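Right, one structure below, let's go through it.
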Amino acid sequence: GLSITQSVSPAGLFGVLQKDAVITELNVEGTVSPSGDSESVGGIVGENYGSVENCRFSGVVIGSSSVGGIAGRNSGTLTGCTASGAVRGTQYTGGIAGQNSGTLLRCENATAVNTTVSEADIAEADLENLENTFYRILKREEITENAVTSDTGGVAGYSTGAIQSCTNTGSVGYPLSLIHI
């Protein structure tokens, strides 16, 4: 699977997808968790100006700002894309796109976005059974009150663009609002 941990920004299987570029029918599994400023971090593309069609990401995406399961920052078009696993960031964090000024069409998010799961928990979780593992992890999670997140969403963290016919089945959390179990 894909593993990006070095200091790189934008980060993804593709850092930047240019305006006329098209990625289609791509399945990616792995971890995108760059060190450094980690802005514009996506499972498939860091910054998208082109078209990403019928692609699937399964795994973990962790960054600081503009973090998404498919694209960190989308100014192009994401069509028929699905994401599962976990996405975590501090600002502009979404299951499909962290920041969207383009178009999200028929995309499905099943990632857990900014739920209180540590990187160590994610690393030890079997990616195949990640959704089943979340309940167990959340049940024993210690909630810290210094983590402040903003602009978190199931499909997009922050959008000034179009979102049409998209679905979210993933859990979306803000650490400060969760209750001790």
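Working carefully through the options SER66, SER9, SER101, find the one that is among the hydroxyl-bearing types (Ser, Thr, Tyr) and on the phi > 0 side of the Ramachandran plot.
The match here is SER66.
What pairs come out if I take residues in region 81-95 that are more than 13 Å from GLY42 (Cα to Cα) and pair them with residues that are open to solvent by 10 Å² or more (accessible area, probe 1.4 Å) and of a type outside the set (D, E, K, R) whose C-beta lies under 6 Å away, six or more apart or interchain?
Close Cβ pairs (under 6 Å, with a partner that is open to solvent by 10 Å² or more (accessible area, probe 1.4 Å) and of a type outside the set (D, E, K, R)) amount to THR90/SER64; THR90/THR149; GLN91/SER65; GLN91/SER150.
So which residues in region 1-11 are buried (at least 19 other Cβ atoms within 10 Å of the Cβ) and in a loop (DSSP other than H, G, I, E, B), if there are any at all?
The answer is SER9, PRO10.
The values are calculated or read from the model by the stated rules, or taken from the named source; none is laboratory data. Everything numeric in this text was worked out from a predicted model, so none of it was measured. Positions of Cβ are backbone-derived with ideal geometry, glycine not excepted, and every protein chain shown enters the neighbour counts. Just so you know, the surface numbers come from the protein's heavy atoms only, side chains and all, with ligands and any DNA or RNA stripped out. Shrake-Rupley method; radii C 1.70, N 1.55, O 1.52, S 1.80 Å.
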